[in-house]
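Student: Below is one structure. I have some questions about it.
The values are calculated or read from the model by the stated rules, or taken from the named source; none is laboratory data. The shown structure was predicted, so the numbers you read here are calculated from the model rather than taken from an experiment. So basically every Cβ, Gly included, is an ideal-geometry build from the backbone, and we count neighbours across all protein chains shown. Remember, those area values only see protein heavy atoms, side chains included, never the ligands or the DNA or RNA. Shrake-Rupley method; radii C 1.70, N 1.55, O 1.52, S 1.80 Å.
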2 protein chains.
Amino acid sequence: MDIELIKSAPRPAPKPTGKRELTKAQNRLTILEAARQVFAELGYGATTVRDIIRATPLASGTFYNYFQSKEEVFQAIQDESALRIRPRLHEERAKASTVEEFISGTFRTFFEFVAGDHSNFRTLRMNTDTLRVRMDTPETIAGFEELREDLVGAIAKGMFPPVDADFLMAAIVGVAFELAERMARRELRDPATATAFATALLLGGIHALPTVTPPDIAAP
Amino acid sequence: MDIELIKSAPRPAPKPTGKRELTKAQNRLTILEAARQVFAELGYGATTVRDIIRATPLASGTFYNYFQSKEEVFQAIQDESALRIRPRLHEERAKASTVEEFISGTFRTFFEFVAGDHSNFRTLRMNTDTLRVRMDTPETIAGFEELREDLVGAIAKGMFPPVDADFLMAAIVGVAFELAERMARRELRDPATATAFATALLLGGIHALPTVTPPDIAAP
DNA sequence: AAAGGATCGTGACGAGCCGTCAACTTTCGG
DNA sequence: CCGAAAGTTGACGGCTCGTCACGATCCTTT
């Protein structure tokens with residue numbers, strides 16, 4: 001009896017070269033990409049599964065072979081997105097040895113990520129609705145998952161003054177999101193500028209901000 | 001012929017005491033309140049007009065006697081909300097003579113407003129989706145409409161250093177929204193605490209923040 | 001290599017929601 | 001007290017939803 005078990009237990013090979021697996025993976029990607037675009041355009045709530053599938057050459061029922069629901073495909077998009085930025089953010093903060101490095105590293109990584117592909121952030125931003133209630137927090141999705149722990153660690157090491165980590169995290173996330181929103185709206189293109197501004201503000205407050213030469217005082 | 005015109009032109013009185021007008025106003029309020037609750041619970045996108053009307057004793061067709069669409073009732077809610085806080089915010093900043101008064105007044109007014117009724121902020125926050133695309137910006141809806149102009153004025157008067165008003169506004173809004181989110185989640189109840197934290201951060205940066213006594217260094 | 005089995009794509013289906021509207025009830029004005 | 005005006009109601013056709021039984025496609029086994 002064991003023979004049969006041994007025979008069937010160790011799979012010969014995952015066979016990723018089969019034609020079936022190939023088109024399957026391809027279809028999944030097609031749906032994911034279409035969903036990303038539609039979500040970014042219509043918003044999560046207003047988007048229907050039909051909208052997504054209509055943006056592909058596939059039939060309506062096919063969607064449900066790959067995802068159980070609209071929510072699941074959304075989650076998949078955000079997971080993939082978070083998976084790309086989360087390690088970068090954490091690594092950046094892990095190697096920081098000063099407050100300035102910690103803060104500017106976080107902002108720079110996030111702003112460069114947003115600048116690289118607006119649709120990710122837009123999808124996230126456009127869909128704070130259902131998420132807040134039933135799914136993960138936006139921080140999780142945006143890759144700020146470990147920010148709080150990193151902050152607590154930095155405070156414990158004496159890198160940061162002993163402030164409230166929750167408040168500080170809220171402030172960092174708020175500034176990052178709102179400036180990123182400006183980038184997504186094309187009102188602000190340069191990640192470096194956003195990073196410089198946000199870092200200066202958090203480190204030294206308004207009076208430490210880079211000043212803009214007022215038109216009427218400009219030297220000749 | 002003019003006689004008829006004169007006769008019909010000057011309305012006798014708006015008659016706000018009529019029973020008809022009374023139940024009409026009452027119905028409008030009923031729908032608005034029901035909509036506020038449903039929006040806050042389901043989110044704008046997921047909410048249907050039927051959902052709203054089901055939360056009232058009225059029939060489905062009645063909704064359309066008061067509002068043309070889901071979007072219109074949502075707009076009405078936000079308008080009313082903004083109408084209550086906008087003058088307060090503007091007045092608070094108008095009488096400010098220092099940066100500290102300007103910033104803390106803005107934060108205090110907003111946080112007290114949110115603390116007074118979470119559902120307003122929650123409804124706003126839950127529905128960033130459709131809004132960003134088709135309607136006003138969140139700043140408008142939340143009453144931060146005139147913040148940018150007030151900032152520009154304060155910079156011109158020399159109250160603020162000559163910084164970029166758009167960036168600064170983004171930062172203020174971001175910190176305000178994210179801390180308000182904590183209040184709506186009941187993780188933070190006191191508007192004064194939020195005001196103190198946000199003001200200190202924007203004025204002097206992280207190092208100016210109120211410190212929390214670390215457990216292991218607490219004096220005996 | 002050919003057929004049986006397993007997997008996946010398809011589009012038609014019932015359910016449910018949309019906004020409208022004709023008929024009924026209530027209120028107002030004379 | 002009655003006719004007109006205004007408001008409410010629930011049922012209706014048109015639409016989109018997610019599902020599912022069927023047929024096509026690919027893999028495997030002998």
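Student: Is it true that residue B:98 is under 20 Å from residue B:150 (Cα atoms) and more than 19 Å from the chain's Cα centre (by Cα)? Don't jump to the end; show me each part of the working.
Tutor: Values: under 20 Å from residue B:150 (Cα atoms): yes; more than 19 Å from the chain's Cα centre (by Cα): yes.
Judged against the criteria, residue B:98 is a match.
Student: What are the pairs, 6+ residues apart or on separate chains, where a residue within the range B:20-34 that is open to solvent by less than 90 Å² (accessible area, probe 1.4 Å) has its Cβ under 6 Å from a residue that is in a helix (DSSP H, G or I)?
Tutor: Here the result reads B:31/B:66; B:34/B:52, each pair linking the range B:20-34 to a residue that is in a helix (DSSP H, G or I).
Student: Among B:192, B:184, which is the only one that is more than 8 Å from every other protein chain (Cβ to nearest Cβ), at pLDDT 95 or above and farther than 17 Å from residue A:204 by Cβ?
Tutor: Values: B:184 fails: at pLDDT 95 or above.
Just one listed residue meets the conditions, B:192.
Student: When you go through A:71, A:100, A:91 one by one, which is the residue that is out of contact with any Asp or Glu (no Cβ under 9 Å at 6 or more places or on another chain) and modelled with pLDDT under 85?
Tutor: Numbers: A:100 fails: modelled with pLDDT under 85; A:91 fails: modelled with pLDDT under 85.
Checking each option against the conditions leaves just A:71.
Student: Determine which member of the set B:105, B:153 is out of contact with any Ser or Thr (no Cβ under 7 Å at 6 or more places or on another chain), part of a helix (DSSP H, G or I), within 14 Å of another protein chain (Cβ to nearest Cβ) and at pLDDT 85 or above. Give the derivation first.
Tutor: On the way: B:105 fails: within 14 Å of another protein chain (Cβ to nearest Cβ).
When all the criteria are applied, what remains is B:153.
Student: For the range A:178-205, which residues satisfy the criterion of being open to solvent by 20 Å² or more (accessible area, probe 1.4 Å) and basic (Lys, Arg)?
Tutor: A:185, A:186, A:189
Student: Please go through the range B:146-174 and pick out each residue that is in contact (Cβ under 8 Å) with a residue 60 or more places away in the chain and within 19 Å of residue A:180 (Cα to Cα). So that I can check it myself, show each step before the final result.
Tutor: The initial filter retains those residues of the range B:146-174 that are in contact (Cβ under 8 Å) with a residue 60 or more places away in the chain, namely B:146, B:150, B:154, B:159-160, B:172.
Matches in the range B:146-174: B:172 only.
Yes/no per residue for (1) aromatic (Phe, Trp, Tyr); (2) over 21 Å from the mean Cα position of the chain (by Cα):
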{"site": "A:24", "(1), (2)": "no, yes"}
{"site": "A:39", "(1), (2)": "yes, no"}
{"site": "A:45", "(1), (2)": "no, no"}
{"site": "A:66", "(1), (2)": "yes, yes"}
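Student: The conditions are (1) in a helix (DSSP H, G or I); (2) surrounded by 14 or more Cβ atoms within 10 Å (Cβ to Cβ), and residue B:47 fails exactly one of them. Which is it?
Tutor: (1)
Student: Any residue at all in the range A:74-96 that is more than 16 Å from DNA strand C (Cβ to nearest atom) and within 14 Å of chain B (Cβ to nearest Cβ)?
Tutor: Yes: one or more hits.
Student: Out of the range B:1-24, which residues are at pLDDT 80 or above and away from DNA strand C (no atom under 12 Å from the Cβ)?
Tutor: Those that are at pLDDT 80 or above and away from DNA strand C (no atom under 12 Å from the Cβ): none in the range B:1-24.
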